[in-house]
Amino acid sequence: MNYNRFEGQVALVTGGARGIGFAIGKRLAREGATTILADIDSHALESTRAGVANPERIVPAVLDITDSDACRNLAARIADEHGKLDILVNNAAILDICPYPDLTIERFRAVTQVNLDGALICSLACVPLMESTGGRILMTASIMGQFGSPDSLPYSTAKGGIVNMVRALACDLAPKGITVNGIAPGFIDTRMARLADGGHEHETEYFRTVYLQYGKIPLGRPGRPEDVAGAACFLISPDAAYITGQILAVDGGVTATF
């Protein structure tokens, strides 16, 4: 493995304080990139350098991705401090489990504002920094944006929008030498796997029976954030220079069984 794939590059990862975003940022830093980890949770950001092999390459930044001014200000700061941006990972999102009888348009808009609008707001702010030299944009979608499931209308709609944002933006930015791809995680052991009652989705009898015992996940286990980070870093690496507009499922094979 080439551990210097991103040497000299500058990356911005939103939702970078924990979970998949943190795993991607940690991997980028380990492989040489100066990595800005942006998150709305300032307290979680305080610990991002702990346990990272290259803490000097991690730059925490508090960011609300739904705030256009804040995103433009961060882009300006990156330009001033680093002079460029090579990689943008639009990962920040919120989970919303919403039974249909409880659904309101306000709740729907609150979820899509973060999970869909936020990715575009960050892209609009950052693309000017990438236009001169090209670059890589990665979106975190979800298998829930590709297939239907109950109690997930706002989240699944937003992630479905990300899927087609990847395709459309890839076409728009290709003349600038910028590739745009997405990952679609399946069941990953992150904070989003926690249930409203405090339990863990992967410890429920239903999950352990249907997905593990009966093989709905062919690889036989839920994923780890590091599993997603490996796939993500491939799509933003030089090895993926001729790949754009694609969504890669990182799901242990679960969508192969649908």
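The values are calculated or read from the model by the stated rules, or taken from the named source; none is laboratory data. Bear in mind the structure is a predicted one, so any value in this text is a computation, not a measurement. Counting neighbours? That spans all protein chains shown, and the Cβs are built from the backbone with ideal geometry, glycine included. Heads up: the accessible areas ignore ligands, DNA and RNA and are worked out on the full protein's heavy atoms, side chains in. Shrake-Rupley method; radii C 1.70, N 1.55, O 1.52, S 1.80 Å.
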Exercise for the section: Could you please find all residues in the range 207-258 being free of Cβ contacts under 8 Å to residues at least 24 places away in the same chain, farther than 24 Å from ASN164 by Cβ and in a loop (DSSP other than H, G, I, E, B)? Expected result: TYR214
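So which of ASP69, ASP96, ASP117 ends up being of a type in the set (Asp, Glu) and in contact with a helix residue (DSSP H, G or I) (Cβ under 7 Å, 6 or more places away or on another chain)? Even if it seems obvious, please write down each step before you answer.
Working: ASP69 fails: in contact with a helix residue (DSSP H, G or I) (Cβ under 7 Å, 6 or more places away or on another chain); ASP117 fails: in contact with a helix residue (DSSP H, G or I) (Cβ under 7 Å, 6 or more places away or on another chain).
One residue alone meets the criteria, ASP96.
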Problem - Top-ranked residue of the range 182-198 - restricted to ones that are modelled with pLDDT under 65 and in contact with a strand residue (DSSP E or B) (Cβ under 9 Å, 6 or more places away or on another chain), ranked as least open to solvent (accessible area, probe 1.4 Å) - result: ALA193
Practice task
With the condition kept exactly as written, say whether any residue in the range 199-206 is open to solvent by less than 30 Å² (accessible area, probe 1.4 Å), at pLDDT below 95, assigned to a loop (DSSP other than H, G, I, E, B) and farther than 23 Å from ILE24 by Cβ.
Solution key: yes
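Taking the condition closer than 29 Å to ASP172 by Cβ and exposed (fewer than 14 other Cβ atoms within 10 Å of the Cβ), does GLY21 pass? Talk me through it step by step, then tell me what you get.
On the way: closer than 29 Å to ASP172 by Cβ: yes; exposed (fewer than 14 other Cβ atoms within 10 Å of the Cβ): no.
Taking the combined requirement at face value, the residue does not satisfy it.
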Exercise for the section: Return a yes/no flag: does the range 35-47 have any residue that is open to solvent by less than 20 Å² (accessible area, probe 1.4 Å), small (Gly, Ala, Ser) and more than 18 Å from MET139 (Cβ to Cβ). Expected result: yes
Problem - Qualifying positions in the range 48-62 - under 17 Å from the mean Cα position of the chain (by Cα) and open to solvent by 10 Å² or more (accessible area, probe 1.4 Å) - result: PRO60, VAL62
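Going residue by residue through the range 161-173, is there one that turns out to be at pLDDT 95 or above, part of a helix (DSSP H, G or I) and polar (S, T, N, Q)?
Filtering the range 161-173 for residues at pLDDT 95 or above gives 161-173.
Filter once more, so that each one left must be part of a helix (DSSP H, G or I): 161-173.
From what is left, the residues that are polar (S, T, N, Q) are 164.
Checking the range 161-173: at least one residue is at pLDDT 95 or above, part of a helix (DSSP H, G or I) and polar (S, T, N, Q).
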Practice task
Among residues belonging to the range 130-158 that are in contact with an Asp or Glu (Cβ under 9 Å, 6 or more places away or on another chain) and within 22 Å of ALA76 (Cβ to Cβ), point out the one that is most open to solvent (accessible area, probe 1.4 Å).
Solution key: THR133
Exercise for the section: Starting from the range 69-90, keep only residues that are in contact (Cβ under 8 Å) with a residue 60 or more places away in the chain and surrounded by fewer than 16 Cβ atoms within 10 Å (Cβ to Cβ), then list their pairs with residues that are not in a helix (DSSP H, G or I) and not acidic (Asp, Glu) whose Cβ atoms are within a distance under 6 Å, requiring at least 6 positions of separation or different chains. Expected result: LYS84/VAL10
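Looking at the range 213-233, which of its residues are at pLDDT 80 or above and either over 18 Å from the mean Cα position of the chain (by Cα) or open to solvent by 90 Å² or more (accessible area, probe 1.4 Å) (or both)? Working first, answer last.
Restricting attention to the range 213-233, the residues satisfying the condition of being at pLDDT 80 or above are 215-233.
Within the range 213-233, GLY215, LYS216, ILE217, PRO218, LEU219, GLY220, ARG221, ARG224, GLU226 meet the criteria.
Picking from THR209, THR190, THR244, THR204, which residue would you name as being hydroxyl-bearing (Ser, Thr, Tyr) and either under 22 Å from PHE22 (Cα atoms) or in contact with a Gly (Cβ under 9 Å, 6 or more places away or on another chain) (or both)? Steps first, answer last, please.
Working: THR209 fails: either under 22 Å from PHE22 (Cα atoms) or in contact with a Gly (Cβ under 9 Å, 6 or more places away or on another chain) (or both); THR244 fails: either under 22 Å from PHE22 (Cα atoms) or in contact with a Gly (Cβ under 9 Å, 6 or more places away or on another chain) (or both); THR204 fails: either under 22 Å from PHE22 (Cα atoms) or in contact with a Gly (Cβ under 9 Å, 6 or more places away or on another chain) (or both).
Going through THR209, THR190, THR244, THR204 in turn, the sole match is THR190.
Condition first: part of a strand (DSSP E or B) and in contact (Cβ under 8 Å) with a residue 40 or more places away in the chain. Can you find one or more residues in the range 17-35 that meet it? Steps first, please.
Taking the range 17-35 as the starting set, the residues that turn out to be part of a strand (DSSP E or B) are 34-35.
Next cut, in contact (Cβ under 8 Å) with a residue 40 or more places away in the chain only: 34.
Scanning the range 17-35, I find at least one residue that is part of a strand (DSSP E or B) and in contact (Cβ under 8 Å) with a residue 40 or more places away in the chain, so the answer is yes.
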Exercise for the section: Could you give me the residue pairs with C-beta distances under 7 Å whose first residue belongs to the range 139-153 and is without any contact (Cβ under 8 Å) to a residue 24 or more places away in the chain, whose second residue is aromatic (Phe, Trp, Tyr) and part of a helix (DSSP H, G or I) wherever it lies, and which are 6+ apart or on separate chains? Expected result: MET144/TYR155
